[in-house]
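What follows is a set of notes on a single structure, which appears directly below.
The values are calculated or read from the model by the stated rules, or taken from the named source; none is laboratory data. This one's a predicted model, so the numbers in the text were calculated from it and none came from an experiment. Note that each Cβ is placed from the backbone with ideal geometry, even for glycine, and that neighbours are counted across all protein chains shown. Accessible surface areas use protein heavy atoms only, side chains included; no ligands, DNA or RNA. Shrake-Rupley method; radii C 1.70, N 1.55, O 1.52, S 1.80 Å.
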Amino acid sequence: MNVPAPGSGTLEIFSLFRDRRFWRGPAVWVVLLLLIVNGAVAVHRDIRAREAAAAPAAAGGRFALNPETANRPVRWDWSVGDQFETFLRYIPDSRKTRLVILSGMSQMYTINDNRPGDQTIAEWMDDALAPRGTRVFGLAAPNLSHEESVFLLLTTLAKPETHPDVFIFAVAFEKLREVDLRRQYATYLRSHPELIAEWLRTAERYRAKYPLAAAKMLSTLEQKERDESVNEASLESRLRRGVSRVSPLVAERRDLNSLLRIHLFAVRNFFLGIKNTSKRPIIRDRYDTNREFLGLLADLGRERGALVLLYIVPFNPSAENPYVPEEYAAFKQWLTQFAEETGTPLSNLENVVPSSDWGLFLGGPDFKHFKGEGHRKSAAALLKSFPAQLAPPAQTGAAGQ
Amino acid sequence: MIFTSYTYVLFLAAAFLIHWMLPHRARKPFLIAASYVFYGSWDWRFAFLLLGLSVFNWAYARYVLARPVPGRLWPGILVNLTPLLIFKYTGFFYANVASVGRAFGAEWSAELPFAILLPLGISFFTFQGIAYLIDVATGEEPFGFADFLLYKALWPQLIAGPIVRPGEIRADIQRIRTLDYDDCAYGMQRILFGFVKKVILADSIAPVVDSVFASHTPNALDVGVAIFGFGLQIYFDFSAYSDIAIGSARLFGFRFPENFNWPYAARSPQDFWNRWHMTLSRWIRDYVFTPLAFASRHKPKWTNVWLLVAMAAVGLWHGAQWTFVVWGIWHGLLLVANQTVLKRFFERASASRMRGLLAMIVTFSLVMAGWLLFRAESLAQVADYLRALATMRGGIRPSTVRVNGILLILLYFAGLVVMQMTRGTFAVLAVRPAPARVLRALRPLGYVLLIVAVIVLDQEAKQFVYFQF
C-alpha cells in the first residue's frame, strides 16, 4: 500500500486545468454553448416580457402577471394556477361578504380577439353581484380535472375568510379524460399540513362511497410525498429557485417545457393526422373516476355549507367538436340524473354563446374558447340559471342587461 | 438526496472540489464523512445502523481470520441479516402469520400495529457485509478500519448498488488516487447519460404505468401497455442509477463494476441475467447458488432446485411481498427451462441471425411477462390483469391509458431497438479516423442538447424504483 507524503496532493484539482486535454476536450465548448443557450433564453424571455408589458394597453392590464402591480382589480387567478397561493390572498373575505367561487377550465379566462373592456365570466358576475353584497372570484386552470376542483373546494373551505357560500364548477365533457393534481396545486397541498390532513380525511371518509376517487386522492398524496421538489421549504426547492436566479434556462424551464410539449403534440398531430376536432372517446377508468369526483364535490359542498352549482359549458355550434355524439349524449343524461338524485343545481349552457362570439384556433373555429362577448353571455346565463342561489332576477346587473 | 436532484449535483460538485483540494491523507476521512452526510440526508438515525454494522463486520472478519473454526461465519452472517429481517420482513412475516391465524378464526389485524421505517439501501449493504465476511474467511485480505468504513459507506453504491465486492474496489481504496482527466470526462459522461435515462425516459413513462396500476378495471390494452412500459421504465430507471453511481465514483478515482449490458438484447434467460443487475446476479451465484450446488454436487438433479431457491431468494431480496417471490420463481423456472427443455432452442441462437432474433424475441417476451409480477401490488392484481389479457377485456380500447402514453412507450422502444442494433456500428465508426473526428466535433453539441433537455424536461426529482429495495 502506498503511503502518501504529508501534505502531498493538496490542491490537486488545479492539475485538471493544467492538462491540455481539458482545454482541447468538450468541456470548454459545453460551457460556452450553455452560456449561449442561456443568453438566447434570456433574450426570448425579454421579448416575451416586452410583449406582456405592451398587452395591458390592449387588454386592460390582464396579462401583467404580478397582481401587486396590476391596474385592475384582481377577481380571478390570472396566473391560472401558477401563483395559486398569491392569488388566494385576493379572494374577498367571506366573513364580510357573501362569496361565490367560480372554477373550471381554460374557457373561464381565455378571451379570443381580446379587446379593451373585455372581461372574464368571473368579472362580469362580480360586477353584477357585488352591489348586492355577493362577490365572485375565479379559480380556473387549463384542463382543470375534477380532482382539482375538489382540491379547490377543500382549499377554500379550509379558511373562514375563503369559505365560499357558493362553489360553481363548469363541467366540460372532455375534461373527464383528465386526472391528477398539477404541480402548483400539489405544491400548495404539500406545504399545508392541515390541508393534507383534510385531504386524507376526505379520502378515508368517502372510500366506500367513491372508491375510485378516494384511491386517486391517496395515490396523489403518496406520489407527491415522494417528489422532493414539491416541498417548497426543502433544500431542493430553494436550490432550484437559487439556480433560477442565475440561469435563465433553469428559470424558464417550465415555460420551455410547455413550449416543447406543444411542438411535440404538433409533430404527433402532423404524423398521425390528428386535428383539434378529432374524436376523443372517453377513457373508461378516468371517466368513472371523474364522475365520482363530481359526486364527492357535491357531497363535500353540502356537508361543509358551500352550495355546489354545476353547469355544462357552452361550445361552438358551428365548430366540429371532438366528442363522440353517443357518449356526450349519455354523459349529459347521466349528469342530469346525477343532479336530480343529489339535489345539485345544474344548468346546461352549451348553446348560450352563438357562433359569432367564438374565435379561431389552429386555422379553424375554436370550439372551446370564445371572445369577450361570449364571457358576458355566459355570465348572464349563469345569473339567469341560478337566480335563487346567486341573486334575485332583478339584481343581475350589468352582465344580465 | 436523490441522484437526479439539484441537491445531489451541488453535493457532488462540492465533494469533488474539496476532495481534490485536500492532501492525500485527508481524502479517505473526507469521503467517509461525505458518505455519511449523504446517507444521513434521508434519515440521520439510520447512519448509526450503517456505522454499527460496519464496525461489527470489520471486527468480526478479523475475529474469524484469527480463529478459523468451521461454522464461525454463521453468527456474523446472522447479525448482518438481523436488521434486514427486522426492518424489511417483519411486516411480511406478521401478515402471513396473521392470515393463517385468521383462517383458523383468530381476530388478528392484517397489518402490524406499528409502522417500521425501512432504512434506505439496507438490502444492498447487508449483502455487501455478508460478502465481505465470506471473502475474508475464504482468503481475501481484510481491510484496515478506515478502508472498511469507506468500502461500506462510499455513497455512489450505498443506496442501490452496484453491489461492489471487496476485491473489486480494494486497489482503488488502498492506492493513492490521482485526479485524471479521462476519469473525470468519463464520469461526467456517465452521469449525464444517467440523468437522461432517468429524467427524460424513465420519469416520462412512470405516470403512464402508474395510472394503470392504480386503476381498478384496466382493459387488456392497458395491461399490455403497462407491463411493456414498466419493463422499459425499470431498465431506464435502474440503469440510470447505476450510470450515475459509476460516473460519480469515477470522479473520485473509483472504478465500479458494470451493472447492465443491453439486457433486452439477451438471447436466453441465462444471458439476460448475465446482462441485468449483473452485480446482484454474480452475488447470488457466488454466495447462494454455488455453495448450495457444491454441497449437493453428487446429486446433479438438485442443481435445478437450487436454481429455483436462489432465484426465489433474489425475488424476496427485492421486496417483502409474494409478488416478488413469485417473480423470482418465474425467473428460476426460465433458467431451469434454459438448461433443460429449451436448452437446444437457446443454444441454437448463435446458429443464424434469424434464430438469434427469434431467441431474443422469446427471451424479451418472457422477461417482460415477469415484470407484471414485479410491479403488481398483490397476486390478486396479477390474476386480474392476466384475466384481462386472456379475455382481451375491452378489445383494443384502453380504459386508462391515453394514446400519447402508448405512443411514447412505442417511441422509446423503437429508440432502444435502434440503439441496440447500431451499437456495434457506432463502436466501429468511433475508431475510424474520419468518423471519429466528426463525432468528436459534434460531441459538445450533443452534450449541450442533452443537458438542456434534462433541465427542461425535469419537473421534479423523482425517486428511483430501486430505492424501495
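Okay, residues lined up against (1) open to solvent by 20 Å² or more (accessible area, probe 1.4 Å); (2) touching a Cys at 6+ places or on another chain (Cβ under 8 Å); (3) under 22 Å from A:ALA298 (Cα atoms); (4) outside any helix (DSSP H, G or I):
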| residue | (1), (2), (3), (4) |
| --- | --- |
| A:VAL308 | no, no, yes, yes |
| A:PHE331 | no, no, yes, no |
| A:ALA339 | no, no, yes, no |
| A:THR344 | no, no, yes, yes |
| A:LEU360 | yes, no, no, yes |
| A:PHE367 | no, no, no, yes |
| A:GLY374 | no, no, no, no |
| A:LYS384 | yes, no, yes, no |
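Pick from A:VAL308, A:VAL250, A:VAL246, A:VAL230: which is within 30 Å of A:VAL31 (Cα to Cα), touching a Ser or Thr at 6+ places or on another chain (Cβ under 8 Å), β-branched (Val, Ile, Thr) and at pLDDT 90 or above? Please lay out each step first, then the result.
Details: A:VAL308 fails: within 30 Å of A:VAL31 (Cα to Cα); A:VAL246 fails: touching a Ser or Thr at 6+ places or on another chain (Cβ under 8 Å); A:VAL230 fails: at pLDDT 90 or above.
That would be A:VAL250, the only listed residue that is within 30 Å of A:VAL31 (Cα to Cα), touching a Ser or Thr at 6+ places or on another chain (Cβ under 8 Å), β-branched (Val, Ile, Thr) and at pLDDT 90 or above.
Restricting attention to segment B:54-72, does a residue exist that is more than 21 Å from B:ALA146 (Cβ to Cβ) and among the hydrophobic types (A, V, I, L, M, F, W, C)?
Applying the first criterion (more than 21 Å from B:ALA146 (Cβ to Cβ)) to segment B:54-72 yields B:67-72.
From what's left, among the hydrophobic types (A, V, I, L, M, F, W, C): B:69.
Yes, some residue in segment B:54-72 is more than 21 Å from B:ALA146 (Cβ to Cβ) and among the hydrophobic types (A, V, I, L, M, F, W, C).
Matching residues to (1) facing chain A (nearest Cβ under 8 Å); (2) aromatic (Phe, Trp, Tyr); (3) within 25 Å of the chain's Cα centre (by Cα):
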residue: B:ASN404; (1), (2), (3): yes, no, no
residue: B:LEU407; (1), (2), (3): yes, no, no
residue: B:VAL418; (1), (2), (3): no, no, yes
residue: B:ARG423; (1), (2), (3): no, no, yes
residue: B:PHE426; (1), (2), (3): no, yes, no
residue: B:LEU429; (1), (2), (3): no, no, no
residue: B:LEU445; (1), (2), (3): yes, no, no
residue: B:VAL448; (1), (2), (3): yes, no, no
residue: B:ILE451; (1), (2), (3): yes, no, yes
For segment B:146-167, indicate whether the set of residues that are within 14 Å of another protein chain (Cβ to nearest Cβ), open to solvent by 20 Å² or more (accessible area, probe 1.4 Å) and in contact (Cβ under 8 Å) with a residue 40 or more places away in the chain is non-empty.
yes
If I filter segment B:96-135 down to residues being touching a Lys or Arg at 6+ places or on another chain (Cβ under 8 Å) and assigned to a loop (DSSP other than H, G, I, E, B), which single residue comes out as most open to solvent (accessible area, probe 1.4 Å)?
B:TRP108
Tally up the residues in segment B:282-302 that are modelled with pLDDT under 90 and either open to solvent by 100 Å² or more (accessible area, probe 1.4 Å) or not in a helix (DSSP H, G or I) (or both), please.
8
Exactly one of (1) part of a helix (DSSP H, G or I); (2) more than 10 Å from chain B (Cβ to nearest Cβ); (3) modelled with pLDDT under 90 is unmet by A:PHE87. Its number?
(3)
Please list, ordered by residue number, the helices (runs of 4 or more DSSP H) wholly in segment B:1-79 having 2 or more residues that are closer than 25 Å to B:VAL136 by Cα and either free of Cβ contacts under 8 Å to residues at least 12 places away in the same chain or more than 14 Å from chain A (Cβ to nearest Cβ) (or both).
B:24-40, B:44-66
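Which residues, counting only those in segment A:202-215, are open to solvent by 40 Å² or more (accessible area, probe 1.4 Å) and facing chain B (nearest Cβ under 9 Å)?
Applying the first criterion (open to solvent by 40 Å² or more (accessible area, probe 1.4 Å)) to segment A:202-215 yields A:204-205, A:207-209, A:211.
Answer for segment A:202-215, where residues must be open to solvent by 40 Å² or more (accessible area, probe 1.4 Å) and facing chain B (nearest Cβ under 9 Å): just A:PRO211.
Yes/no matrix, rows are residues, columns are (1) surrounded by fewer than 21 Cβ atoms within 10 Å (Cβ to Cβ); (2) within 14 Å of chain A (Cβ to nearest Cβ); (3) aliphatic (A, V, I, L, M):
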| site | (1), (2), (3) |
| --- | --- |
| B:ILE205 | no, no, yes |
| B:VAL208 | no, yes, yes |
| B:ALA226 | no, yes, yes |
| B:GLN233 | no, no, no |
| B:PHE238 | no, no, no |
| B:PHE252 | no, yes, no |
| B:PHE256 | no, no, no |
| B:ASN261 | yes, no, no |
| B:GLN270 | yes, no, no |
Kindly indicate whether any position in segment B:341-363 is modelled with pLDDT of 95 or more, under 17 Å from the mean Cα position of the chain (by Cα) and within 15 Å of B:TRP273 (Cβ to Cβ).
no
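Taking segment A:13-31 as the search range and keeping residues that are more than 7 Å from chain B (Cβ to nearest Cβ) and not charged (D, E, K, R), which one is most open to solvent (accessible area, probe 1.4 Å)?
Taking segment A:13-31 and keeping what is more than 7 Å from chain B (Cβ to nearest Cβ), we get A:14, A:17-18, A:20, A:23-24, A:27-28, A:31.
This time we only want the ones that are not charged (D, E, K, R), so: A:14, A:17, A:23, A:27-28, A:31.
Values: A:PHE14: 97, A:PHE17: 90, A:TRP23: 143, A:ALA27: 37, A:VAL28: 43, A:VAL31: 86 Å².
In this case the residue turns out to be A:TRP23.
For segment B:408-454, how many residues meet the condition of being out of contact with any Gly (no Cβ under 8 Å at 6 or more places or on another chain) and either more than 21 Å from B:ALA185 (Cβ to Cβ) or open to solvent by 90 Å² or more (accessible area, probe 1.4 Å) (or both)?
First, pick out the residues of segment B:408-454 that are out of contact with any Gly (no Cβ under 8 Å at 6 or more places or on another chain): B:408, B:410-454.
Then drop every residue that is not either more than 21 Å from B:ALA185 (Cβ to Cβ) or open to solvent by 90 Å² or more (accessible area, probe 1.4 Å) (or both), which leaves B:408, B:410-422, B:424-426, B:428, B:431-434, B:437, B:440, B:442-443, B:449.
Final tally of qualifying residues: 27.
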Within segment A:311-328, how many residues turn out to be at pLDDT 90 or above, open to solvent by 10 Å² or more (accessible area, probe 1.4 Å) and not in a helix (DSSP H, G or I)?
0
Need the failing condition index for B:LEU335 against (1) without any contact (Cβ under 8 Å) to a residue 24 or more places away in the chain; (2) farther than 27 Å from B:LEU120 by Cα, just the number.
(1)
Quick check on segment A:79-106: of everything there that is surrounded by 22 or more Cβ atoms within 10 Å (Cβ to Cβ) and under 18 Å from A:SER145 (Cα atoms), which residue is nearest to the chain's Cα centre (by Cα)?
A:VAL80
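Only one residue in B:ASP183, B:ASP243 is out of contact with any Asp or Glu (no Cβ under 8 Å at 6 or more places or on another chain), within 11 Å of chain A (Cβ to nearest Cβ), under 23 Å from B:VAL448 (Cα atoms) and open to solvent by less than 20 Å² (accessible area, probe 1.4 Å). Which one?
On the way: B:ASP243 fails: within 11 Å of chain A (Cβ to nearest Cβ).
Unique residue meeting the criteria: B:ASP183.
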What's the number of the condition B:ILE32 fails, among (1) surrounded by fewer than 16 Cβ atoms within 10 Å (Cβ to Cβ); (2) within 24 Å of the chain's Cα centre (by Cα); (3) modelled with pLDDT of 95 or more?
(1)
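In this structure, is A:ARG286 within 9 Å of chain B (Cβ to nearest Cβ), assigned to a helix (DSSP H, G or I) and under 30 Å from A:LEU382 (Cβ atoms)? Before you say what the answer is, go through the steps one by one.
Details: within 9 Å of chain B (Cβ to nearest Cβ): yes; assigned to a helix (DSSP H, G or I): yes; under 30 Å from A:LEU382 (Cβ atoms): yes.
So A:ARG286 passes the test.
Just to check your reading of the model, which residue among A:GLU194, A:GLU222 is farther than 30 Å from A:ALA379 by Cβ and away from chain B (no Cβ under 14 Å)?
Working: A:GLU222 fails: away from chain B (no Cβ under 14 Å).
Answer to the check: A:GLU194.
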